[in-house]
1. Share of the stretch 136-195's accessible area from carbon and sulfur, percent, 1.4 Å?
2. Count neighbours as other Cβ atoms within 10 Å of each site's Cβ, and list the GluC sites (Glu not before Pro) in the stretch 123-205 that are DSSP loop with at most 15 such neighbours.
3. List the residues whose amide H sits under 5 Å from the amide H of Met134, counting only those 5 or more places along or on another chain, with H placed 1.01 Å from N in the peptide plane.
4. Full-extension gain between Lys72 and Lys34, please, as 0.36 nm times their residue separation minus the C-alpha to C-alpha distance.
5. For the stretch 94-160, calculate the relative contact order in percent as a whole number, restricting contacts to Cα pairs under 8 Å that are 6 or more residues apart.
6. Once amide H atoms are built 1.01 Å from N in the peptide plane, which residues 5 or more positions from Ala194, or in another chain, come under 5 Å H to H?
7. Over what distance in Å are the Cα centres of the stretch 177-222 and the stretch 289-354 separated?
8. Quick one: Karplus J couplings for the stretch 191-208, per residue in order, coefficients 6.51, -1.76, 1.60, θ = phi - 60°, nearest Hz, x for Gly and Pro?
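The values are calculated or read from the model by the stated rules, or taken from the named source; none is laboratory data. All values derive from a computational prediction rather than experimental measurement. Using ideal geometry, Cβ is built from the backbone for each residue, glycine included, and neighbour counts are taken over all protein chains shown. Each accessible area value is taken on the protein alone, full model and side chains, heavy atoms only, with ligands, DNA and RNA left out. Shrake-Rupley method; radii C 1.70, N 1.55, O 1.52, S 1.80 Å.
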Amino acid sequence: MAKSEETSSPRPWESYHTVYTNAKAGMDGVDKEKVQRVVYEMSKGSKYFENEERKEAYMKQKIENMRAQLAKLKATDLSHYQRVADKKIAELEATRDLSRTWLHVDMDAFYAAVETLSNPSLKGRPMAVGGMSMISTANYEARKFGIRAAMPGFIACKLCPELIFVPTDFKKYTYYSDLTRKVFQEYDHNFMAASLDEAYLDITNVCKERDITGGEVTEELRQNVYKATGLTCSAGVAPNRLLAKVCSDINKPNGQFLLPNDRAAIMTFISSLPIRKIGGIGKVTEHILRDVFEIKTCEDLLQKSSFLCALFSPSSADFFMSVGLGLGGTDAPQVRSRKSMSSERTFSATKDETFFHQKLVELAEMLSADMEKAGLHGRTLTLKLKTASFEVKTRALTLQSYIQSSKDILKHASKLLKSELPVSLRLIGLRMSHFNEDKDGTLSDPTQRTLLNYIKPGDGNMKLVDEEHSDVKDDSESHYNSYIDPSLDHLPELSNNSEHLVEHSGLDDHECKYQINENTQVENSVKSSEFDAHVTETHSLERRSQDQLTMIDFSDNETGSSSSYHKEALIWLEDYKCSLCGVELPPSFLEERQEHSDFHLAEKLQVEEEESRHIYKNLPLKNRMRQKEAAVGQSKGKKKPKHSPSNGKHIPIDAFFTKTNHNL
Ligand code: DCP
Ligand code: MG
């Protein structure tokens, strides 16, 4: 929102759109203006607010630029781009596959429902899972007040003072998630888990073998999920994953929706479908498409295809057109080979070398256990460090022989760390690569069936849950690896996307870079190079090819050399892939990137709180005293940070969007 508007409009909140005001299932009757006003009032003046303003200004600028570009297009240009679009549409249409039946299943208010199972007194009362800093989800009663996932708890309290908060318990969610997956497996042995509470199932064969409809299979599956867990879920059935996902939200909660495998039915469905319903089209994209091209529905994407081809990168334009055609992923994704495994730990900044050693021991054990489980030995060990000032360094070592034991990993990791001491750190990570895996590149553990195993180049499917780690040691992990956005099912290779942007959107090189930085910058108003601050405990098996890791992340040095990456800020690998979890979003998808960053930030804040409590509790008394003294010392030397105006009734939002060791 531009400042001038803020002062001139008597209702400035009306133009203050945040993720919190975006409706989720169960929020249809919400008083949106009230929510907007409360969010506006409670965040006004905060860094978060300033950030939102910056984003808004950026979006407006982008819209202006695109309008200007549009105005410059001559009739000859437009007829050229119309031909380009028509050709592409025909090509995309030729890929349409109506032979498969996909089911997308999504648990209803998952964390909240699980909590209600263990405490039935919560039933029927507005409740949220999470804390004052961030809410993971809210039950449907709370949603009526406009409360939703990723909203700070103190804002939720304002919207619904009687709201009950329940702390997160990831072990419980993982347990119930496993139960649901056992049911899913009965219908599709190779189902794709998209997150703890979400999965894609190809039910084509079940339907054929049992001679029943997709709707019947879905009814039965949902009943079986309920019998196994006591939890309800919703589902969508459609010829592809993108549409199945849209459909599963239509009759939420405890409902289902079937879209037949029929082109005409799909086109009718698409014709009135608002673009925002498509995962991968968020606030910024929605606004740009609406304000520049007057595109509101998915059908409009086809109608305006020549403009889209003229102003967007080919990959983005292709995505939009494929959405307009109602296309999505239908294939059974293929297994890719594992290239690396990594684990990392985030903690409050410390110089405590005993603590570092303890973390290295944990990481080495975890890495070794994973490698053993997968039957892998590795040769390149990389140590990742994030200093107190958020500088990220990697130190790599390639050995003559393959190792797997935690003892060997620890020995080499300790050596790498030793040369960096003394140092104040907030993150330590270990990564193993150069595996002696099977020659055909297939995974050693054929039982893994989650998306993480299935990413293939050009397939926009997002990976992320790793069943191997469903018995996670750390609560955060299961959630970290559980974000999926299948909306980009049809996105082709995006690696050159930034070039296309420069070429087609009229952005110059500088703007293009700015655009990328903007994405990484916004999530908590820290320097863009600090994005990685939002990563906390991650423990992932990565299957991205090493040559994709060109700009950031760990590098695999062939020799025992070391390298330091100051550009770690750019979390979008190859300009399109989140380095934290692999979600793929092209640079032009600003809002989706923002929401995705917020997602990691929410995770981080939740886990950081828990972890600092845990660290503090487990620190020897001596260290606790030292930490306290350091904290006191720090605060003595510094001015008090400016927070949002507070009437004392709520915690200023800045408290949640600036880095502090507030739990120590
Ligand atoms: N989650 C989270 N932070 C978010 C979004 C979700 O921690 N920003 C967690 C809590 C949710 C779970 O993931 O319970 C599943 O997310 P969904 O988006 O499926 O939301 P729910 O299952 O809670 O509700 P529903 O699917 O009924 O809309
Ligand atoms: Mg859900």
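1. With neighbouring chains kept in place, the figure for the stretch 136-195 is 55 percent.
2. Glu162
3. Amide H neighbours of Met134, under 5 Å, 5+ apart: Gly153.
4. Answer, rounded to one decimal: 9.6 nm.
5. Value for the stretch 94-160: 23 percent.
6. Distant-sequence amide H within range of Ala194: Ala199, Tyr200.
7. So the separation of the two Cα centres works out to 25 Å.
8. Once rounded to whole Hz, the list reads 4, 10, 6, 9, 6, 4, 10, 9, 7, 10, 10, 8, 9, 3, 5, 4, 4, 5.
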